[in-house]
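The values are calculated or read from the model by the stated rules, or taken from the named source; none is laboratory data. This one's a predicted model, so the numbers in the text were calculated from it and none came from an experiment. With ideal geometry, Cβ positions are generated from the backbone for all residues, glycine too; neighbour counts draw on all protein chains shown. Note: areas computed on protein heavy atoms with side chains; ligands, DNA, RNA excluded. Shrake-Rupley method; radii C 1.70, N 1.55, O 1.52, S 1.80 Å.
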Amino acid sequence: QVQLVESGGGLVQPGGSLRLSCAASGMMFRLSSIAWYRQAPGKERELVSRVSPNGSTDYADSVKGRFTISRNNAENTVYLQMNSLKPEDTAVYYCNAPLFSGNYWGQGTQVTVSS
């Protein structure tokens with residue numbers, strides 16, 4: 001049974017930092033691409049960043065230079081380091097694993113950027 005569990009969200013002031021974690025189980029983690037999406041109130045869910053099994057990464061233009069995705073295959077965990085946070089980064093952040101057996105999502109973690 002595939003499970004994705006996000007953690008690390010919270011309230012932070014503009015310009016601050018947070019690190020999100022996505023702990024995966026029930027899957028061949030080292031062979032899987034993992035992505036972070038976010039959904040703000042009233043908006044569609046959007047791709048934030050993605051890391052492939054070989055470690056290559058993609059970022060949305062809105063977060064390039066501020067966010068860094070990384071993976072630790074020994075811990076079955078993907079991280080999203082978010083720096084220079086802006087109010088427009090406020091959203092629920094979801095971990096995603098598109099596998100042959102299905103498209104799996106975590107429960108999400110709230111990130112709020114506000115003074």
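Structure summary
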{"read-out": "Sulfur and carbon atoms: percent of accessible area, the chain [1.4 Å]", "value": "47 percent"}
{"read-out": "Cα-centre dipole for the chain with unit charges at Cβ (Lys and Arg positive, Asp and Glu negative), debye to 20", "value": "120 debye"}
{"read-out": "Local electrostatic count, R38, Cβ distance below 12 Å [Lys/Arg +1, Asp/Glu -1]", "value": "-3"}
{"read-out": "Cα gyration tensor shape of region 68-115, rounded if a/c is under 1.5, else prolate or oblate by comparing a/b with b/c", "value": "oblate"}
{"read-out": "Accessible area expressed per residue, the chain, with surrounding protein chains retained (probe 1.4 Å, Å²)", "value": "53 Å²"}
{"read-out": "Relative packing of peptides 11-17, 92-98 - highest average C-beta neighbours within 10 Å first", "value": "92-98, 11-17"}
